[in-house]
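Visitor: Let me give you the structure first, and then I'll get to my questions.
The values are calculated or read from the model by the stated rules, or taken from the named source; none is laboratory data. This structure is a prediction, so every number in the text was calculated from the model and none was measured. Counting neighbours? That spans all protein chains shown, and the Cβs are built from the backbone with ideal geometry, glycine included. In case anyone asks, the SASA skips ligands and DNA or RNA and just uses the protein heavy atoms, side chains included. Shrake-Rupley method; radii C 1.70, N 1.55, O 1.52, S 1.80 Å.
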Amino acid sequence: MVEIDSETSVPSPISNPDLFDHSTAENEFLSSFNSGRLAHAWLITGPKGIGKATLSHRIARFILTRNYSFDNSSTLFKDNFERGDPQSLAVDITNPVCRRIISGGHPDFLNIERSVDDKTGKLRKEITIDAVRDISLFLTKTPAEGGWRVIIIDNVDELNFNAANAVLKVLEEPPKQALILLVSNNPARLLPTIRSRCRRLSLNLLSNKTIKELLIQNNAKISPENLDQLVDMASGSFGHALELSKEGGFEIYREVNDILNMMPEIDLTRIHQLGDKLNRDKTGK
């Protein structure tokens, strides 16, 4: 059986200091930063579960720990800023600036994502206009630490129609030193005008080696003989590998393969049993 240990703790993107297999995209952003002509909006694209949100938060930490570079005025937090010629987007996650970002207490950082519906107690299916209105209010304020303000929208595919148009208006009239990072699994679904106003960072699939190492690091309970098969099923996405291991996807995959290997004979009993299992998984009963 494949399952994730109850003690598994995969860091959320906002607090994850590690990024794997995306050095090309990281270096492209760093090159733009070092040129002094940093684009105000970036569309970070690629399949789900490969590290797009992790890269976005890595960029946010990098920018906000270097605000001293853009304003020489005095500030209470100047001693916490990173210095020197940056060769990487990595910063010390224990830096007080980073700790304020992670806790939600940094005044120059805004993270937009689906919210919980107060009536149902469940996560909304889309990002509404109310959440996007926070962007306009955020951008009307003077930067608290004298430099960049950073906004992440995770996931921009989930904006409803009104919210998408509100984001477009922000992109059309961006204020100075405001960096907007849009995470997208499916950029083809976005308004063409949103895509055209962003510089694009396309992330590649993770290597099988990386996915295997991450599964081991995160205490996936899986026998060595099944590990490689699970990695192949992940199709380059660590997030997909986790979903398969948590939801019994590996066992279902093997059952489907066993049924298909019996063709042209059909085992109706096994097919009905598989259907019953899938139905139970959906209803939780």
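Visitor: Sort Ile102, Ile14 by heavy-atom solvent-accessible area, probe 1.4 angstrom, most to least.
Guide: Of Ile102, Ile14, the descending order of accessible area is Ile102, Ile14.
Visitor: Could you order peptides 156-165, 188-197, 172-181 by the average number of other Cβ atoms within 10 Å of their residues, highest first?
Guide: Ranked by mean Cβ neighbours within 10 Å, highest first: 156-165, 172-181, 188-197.
Visitor: Quickly work out the Glu126-to-Thr94 label distance, labels modelled 7 Å from Cα along the C-beta direction, and quote it in nm with one decimal.
Guide: About 4.5 nm separates the two model spin labels.
Visitor: Once you've got the Cα coordinates, tell me which of Lys52/Lys125; Lys48/Lys125; Lys52/Lys169; Lys212/Lys246 are over 18 Å apart.
Guide: Pairs exceeding the cut-off: Lys52/Lys125; Lys52/Lys169.
Visitor: Could you give the length gained by full extension between Glu265 and Asp134, i.e. 0.36 nm per residue of separation minus their alpha carbon distance, to one decimal place?
Guide: 41.3 nm
Visitor: Sticking with this one: Please list Asp118, Asp108 in order of solvent-accessible area, largest first, computed with a 1.4 Å probe with all protein chains present.
Guide: Largest accessible area first, the residues go Asp118, Asp108.
Visitor: So, with a 1.4 angstrom probe, what is the percent of accessible area on segment 153-226 that is carbon and sulfur?
Guide: 48 percent
Visitor: Sticking with this structure for a sec: Given charges of +1 on the Cβ of Lys and Arg and -1 on the Cβ of Asp and Glu, with all other atoms neutral, how large is the dipole of segment 104-177 about its Cα centre, in debye to the nearest 20?
Guide: For segment 104-177, the charge dipole is close to 120 debye.
Visitor: Rank these residues by their accessible area, most exposed first, probe 1.4 Å: Lys119, Lys141.
Guide: Most to least solvent-accessible, the answer reads Lys119, Lys141.
Visitor: Just how much of Ser56 is accessible, in Å², when a 1.4 Å probe is used and the result is rounded to the nearest 10?
Guide: For Ser56, solvent-accessible area is about 0 Å².
Visitor: Here is a further query. Subtracting the Cα-Cα distance from 0.36 nm times the residue separation, let me have the gained length for Arg200 to Leu227 in nm, one decimal.
Guide: The span from Arg200 to Leu227 would gain 6.3 nm if fully extended.
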